[in-house]
1. If I ask for residues that are outside any loop (DSSP other than H, G, I, E, B), under 18 Å from A65 (Cα atoms) and among the hydrophobic types (A, V, I, L, M, F, W, C), which ones from segment 2-27 would you list?
2. For segment 121-153, how many residues are over 16 Å from I46 (Cα atoms), in a strand (DSSP E or B) and modelled with pLDDT of 95 or more?
3. Out of the residues in segment 73-96 that are aliphatic (A, V, I, L, M), part of a helix (DSSP H, G or I) and more than 15 Å from the chain's Cα centre (by Cα), which is surrounded by the fewest Cβ atoms within 10 Å (Cβ to Cβ)?
4. List every residue pair whose Cβ atoms lie under 7 Å apart, where the two residues are 6 or more positions apart in sequence or sit on different chains, the first residue falls within segment 59-71 and is touching a residue at least 12 places away in the same chain (Cβ under 8 Å) and surrounded by 21 or more Cβ atoms within 10 Å (Cβ to Cβ), and the second residue, located anywhere, is of a type in the set (F, W, Y) and not in a strand (DSSP E or B).
5. Go through segment 1-33 and report how many residues are polar (S, T, N, Q) and in contact with a helix residue (DSSP H, G or I) (Cβ under 8 Å, 6 or more places away or on another chain).
6. If you check L118 against the conditions, is it part of a strand (DSSP E or B) and at pLDDT 95 or above?
Amino acid sequence: MDVKLINPFLEAATTVLPQLGFREVNRGGLAIREKMLASHGVTVLIGITKGVQGNVAYNMTAAAAKKVASTMMMGMPVAEIDEMAQSAISEMVNMVTANAAINFEKQGLAIDISPPSLLVGTNCSVRVSNNKYLALELMVDSERIELNIGLGS
């Protein structure tokens, strides 16, 4: 597990999110975790293949997910995480991860990403990695979004 694997995601988030209408994107804490991730309410999982392999799970509370969806939908109020909100959240994750893939390629490491899979609920866990993974906290317009990066060669 290489801490350098977070840089393409951090750079992607700080580049893409302001273009989508988010005002502030700041890096929070970084932790090492093992295998399973407990969902905070909404978790979006994307697979990574080729140059590095594994998963990235974007984890946030339902309240944070509603704010993300609202911002993605030009400020439209979001009362529940319905199909439209799920689509908006998944698209934001897809755009950040695709930009991270471009950043990896600039480093000479070509990767492919899978379509996002979205999970709603707090009473569930997702396997991010067979071993340890990095949990990077981002504060996006005062909402916490956690990027759980389980990648290896």
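The values are calculated or read from the model by the stated rules, or taken from the named source; none is laboratory data. Bear in mind that the values here come from a model prediction, so they are computed numbers and not experimental data. Glycine also receives a Cβ, built like all others from the backbone with ideal geometry; neighbour counts cover every protein chain displayed.
1. A13, V16, L17, V25
2. 6
3. Step one: list which residues in segment 73-96 are aliphatic (A, V, I, L, M), which gives 73-74, 76, 78-79, 81, 84-85, 88-89, 92-93, 95-96.
Next cut, part of a helix (DSSP H, G or I) only: 84-85, 88-89, 92-93, 95-96.
Now restrict to residues that are more than 15 Å from the chain's Cα centre (by Cα): 84-85.
Numbers: M84: 14, A85: 24.
Among those that are aliphatic (A, V, I, L, M), part of a helix (DSSP H, G or I) and more than 15 Å from the chain's Cα centre (by Cα), it is M84.
4. Cβ pairs passing all conditions: T71/F22.
5. Of the residues in segment 1-33, 2 are polar (S, T, N, Q) and in contact with a helix residue (DSSP H, G or I) (Cβ under 8 Å, 6 or more places away or on another chain).
6. yes
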